[in-house]
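The values are calculated or read from the model by the stated rules, or taken from the named source; none is laboratory data. In this text the structure is predicted, and so the values were computed from the model without any measurement. So basically every Cβ, Gly included, is an ideal-geometry build from the backbone, and we count neighbours across all protein chains shown. Heads up: the accessible areas ignore ligands, DNA and RNA and are worked out on the full protein's heavy atoms, side chains in. Shrake-Rupley method; radii C 1.70, N 1.55, O 1.52, S 1.80 Å.
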Amino acid sequence: MLTLPTADARLEPFRLTGTPLTPRAPRTPLTRTAFAAAHIVSDPLRERSPWDTRPAVDWDATLNFRQQLWDQGLHLAEAMDTAQRGMGVDWPTALDLIQRTLRAAKAHPMRPRVACGAGTDHMPLSDLTTPDAILAAYTTQAEAIEAAGGQLIVMASRAFPAMNATEDTYHQVYRRLLDGAKDPVILHWLGDMFDPALAGYWGSLDVARASDFVLSLIAENPAKVDGIKISLLDQAHEEQFRARLPAGVRLYTGDDFNYAPLIEGDGTRHSHALLGIFAAIAPAASQALEALAEGDHQTYHRLLAPTVPLSREIFRAPTRFYKAGIAFLSWLNGHQTHFIMPAGFQSSRDITHYAQVFRLADQAGLLSRPDLAEARMKTLLALHGIDQD
């Protein structure tokens, strides 16, 4: 029995009652491509001046976390927003992560796909004031990723909104990036709820106009676009957008609120997945996708339905702090020995949030080692002055 805080500043008893899902490999090939975006595990014994320096990474724990995702049939989106790109993790650390992950993936028996974020974050915004400068920054990262054997995800860059870029500027940069890529890329549309600095991406605050622009960009050379990840938390927009995509171009949902119906689809079209929440709910996600591949929609919804309240809590506003919930569940489930994040990012959420994540993870069967999870939750509660009897 635990004593957990509530949102209205009360304390109430809570007992774990969930039945943990057992992580396992899918029994059948999946019919949806599913990338989980994973976080970085810090090494707190080597961390120095965490707000001002490169993060110290526990590489063994970081790679082991990815291994267990692959073991469950999921692919990996590496060095993305979930890995705190631009929020505690710099490009040199991200590149090291990409190279290590790709080596590990090549040795994994399930041969998982690894798509990697290419951005412009190694350069200060003050140096990214022309299309050529932005293109050069993207190209530096893209070439490094391709040299390591990774697929490109062209991440949204803060440089465009910072310079109030027009559609022409986006077109100049993206057209040359796409045409010059070795293999088809995944485009990346991250809403300002994930990063306020990306407001007005694609040259307009009007989502409909921005959508028209992106679709026209893709249509110019669809063979160079594997798909587009959209993280706007708007189910209706995503459904309308994917209906307009050229044949063969995937919609990778980044909607951590509405992923269940979007991935299931409407019988004609469906979304694939590139989701941060899949790193936190891997057993449920993998087994639900297996059920979907087997035509068992009832089991698909039974497994995913209880994960949706959990995901909505982890990704609640301010949404950009969701990475803390991913790392928190990783700690509760024994994938890391501590709850410390690059730049001290664990402090971005409060104890009532973590208490609610704990409750909802239990209900979803996602506390794989209940005794360990309860012991670690007691430690976190004690640090917040909530002693247990």
What residue, among those in the stretch 189-209 that are farther than 17 Å from residue 235 by Cα and not in a helix (DSSP H, G or I), is most open to solvent (accessible area, probe 1.4 Å)? 205
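For the stretch 241-257, check the following and say yes or no: at least one residue is open to solvent by 10 Å² or more (accessible area, probe 1.4 Å) and polar (S, T, N, Q).
Narrowing the stretch 241-257 to residues open to solvent by 10 Å² or more (accessible area, probe 1.4 Å): 242-250, 257.
This time we only want the ones that are polar (S, T, N, Q), so: none.
No, the stretch 241-257 contains no residue that is open to solvent by 10 Å² or more (accessible area, probe 1.4 Å) and polar (S, T, N, Q).
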Name, by its number, the condition in (1) out of contact with any helix residue (DSSP H, G or I) (no Cβ under 7 Å at 6 or more places or on another chain); (2) closer than 30 Å to residue 306 by Cα; (3) open to solvent by 10 Å² or more (accessible area, probe 1.4 Å); (4) not hydroxyl-bearing (Ser, Thr, Tyr) that does not hold for residue 212. (2)
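Within the stretch 303-324, restricting attention to residues that are assigned to a helix (DSSP H, G or I) and farther than 14 Å from residue 257 by Cβ, which residue is most open to solvent (accessible area, probe 1.4 Å)? Reasoning before the result, please.
If we filter the stretch 303-324 for residues that are assigned to a helix (DSSP H, G or I), which is where we start, we get 303-304, 307-314, 319-324.
Pick out the ones that are also farther than 14 Å from residue 257 by Cβ and you get 303, 320-321, 323-324.
Numbers: 303: 15, 320: 75, 321: 48, 323: 0, 324: 0 Å².
In this case the residue turns out to be 320.
Could you grab me the full set of residues in the stretch 293-302 that are surrounded by fewer than 20 Cβ atoms within 10 Å (Cβ to Cβ) and touching a residue at least 24 places away in the same chain (Cβ under 8 Å)? Explain how you work it out, then say what you get.
Initially, the stretch 293-302 is screened for residues surrounded by fewer than 20 Cβ atoms within 10 Å (Cβ to Cβ), giving 293-299, 301-302.
293, 294, 297, 301 - these are the residues of the stretch 293-302 that are surrounded by fewer than 20 Cβ atoms within 10 Å (Cβ to Cβ) and touching a residue at least 24 places away in the same chain (Cβ under 8 Å).
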Condition first: out of contact with any Gly (no Cβ under 6 Å at 6 or more places or on another chain), closer than 23 Å to residue 369 by Cα and touching a residue at least 60 places away in the same chain (Cβ under 8 Å). Can you find one or more residues in the stretch 83-91 that meet it? no
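Within the stretch 176-194, can you find the residues that are within 22 Å of residue 133 (Cα to Cα) and in contact with a helix residue (DSSP H, G or I) (Cβ under 8 Å, 6 or more places away or on another chain)? Walk me through it before giving the result.
Taking the stretch 176-194 as the starting set, the residues that turn out to be within 22 Å of residue 133 (Cα to Cα) are 176-182, 185-190.
Answer for the stretch 176-194, where residues must be within 22 Å of residue 133 (Cα to Cα) and in contact with a helix residue (DSSP H, G or I) (Cβ under 8 Å, 6 or more places away or on another chain): 176, 177, 178, 179, 180, 181, 182, 185, 187, 189, 190.
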Inside the stretch 1-87, counting only strands (runs of 3 or more DSSP E) that do not spill past its ends, which hold 1 or more residues that are among the polar types (S, T, N, Q) and surrounded by 13 or more Cβ atoms within 10 Å (Cβ to Cβ)? 2-5
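From 137, 105, 147, which residue is under 30 Å from residue 47 (Cβ atoms), assigned to a helix (DSSP H, G or I), open to solvent by 60 Å² or more (accessible area, probe 1.4 Å) and not charged (D, E, K, R)? Show your work before the answer.
Numbers: 137 fails: open to solvent by 60 Å² or more (accessible area, probe 1.4 Å); 105 fails: open to solvent by 60 Å² or more (accessible area, probe 1.4 Å).
Among 137, 105, 147, only 147 is under 30 Å from residue 47 (Cβ atoms), assigned to a helix (DSSP H, G or I), open to solvent by 60 Å² or more (accessible area, probe 1.4 Å) and not charged (D, E, K, R).
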Scan the stretch 260-292 residue by residue and report those that are surrounded by 23 or more Cβ atoms within 10 Å (Cβ to Cβ), more than 21 Å from residue 156 (Cα to Cα) and among the hydroxyl-bearing types (Ser, Thr, Tyr). 286
Mind listing whichever residues of the stretch 150-180 are of a type in the set (Gly, Ala, Ser), open to solvent by less than 10 Å² (accessible area, probe 1.4 Å) and in a helix (DSSP H, G or I)? 159
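Say whether the condition of being closer than 24 Å to residue 339 by Cα, at pLDDT below 95 and of a type in the set (A, V, I, L, M) is met by at least one residue in the stretch 4-12. Spell out how you get there, then give the answer.
So the first thing to find is which residues in the stretch 4-12 are closer than 24 Å to residue 339 by Cα, and the list is 4-7, 9, 11-12.
The next check asks that each one be at pLDDT below 95; those that pass are 7, 9.
Checking the rest, the ones that are also of a type in the set (A, V, I, L, M) come to 7, 9.
Within the stretch 4-12 (the criterion being closer than 24 Å to residue 339 by Cα, at pLDDT below 95 and of a type in the set (A, V, I, L, M)), the answer is yes, since at least one residue qualifies.
So that you can scan it fast, the table gives a plain yes or no per residue for (1) at pLDDT below 95; (2) in a loop (DSSP other than H, G, I, E, B); (3) among the basic types (Lys, Arg); (4) surrounded by 21 or more Cβ atoms within 10 Å (Cβ to Cβ):
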position: 96; (1), (2), (3), (4): no, no, no, no
position: 100; (1), (2), (3), (4): no, no, yes, no
position: 112; (1), (2), (3), (4): no, yes, no, yes
position: 116; (1), (2), (3), (4): no, no, no, yes
position: 129; (1), (2), (3), (4): no, yes, no, no
Residue 335 fails exactly one of (1) open to solvent by 10 Å² or more (accessible area, probe 1.4 Å); (2) assigned to a helix (DSSP H, G or I), namely (2)
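Across the stretch 338-389, which residue is most open to solvent (accessible area, probe 1.4 Å) among those that are of a type in the set (Lys, Arg) and assigned to a helix (DSSP H, G or I)?
Pass one, the stretch 338-389, residues of a type in the set (Lys, Arg): 349, 359, 369, 376, 378.
Still in the running and assigned to a helix (DSSP H, G or I): 359, 376, 378.
Values: 359: 22, 376: 44, 378: 77 Å².
This residue is 378.
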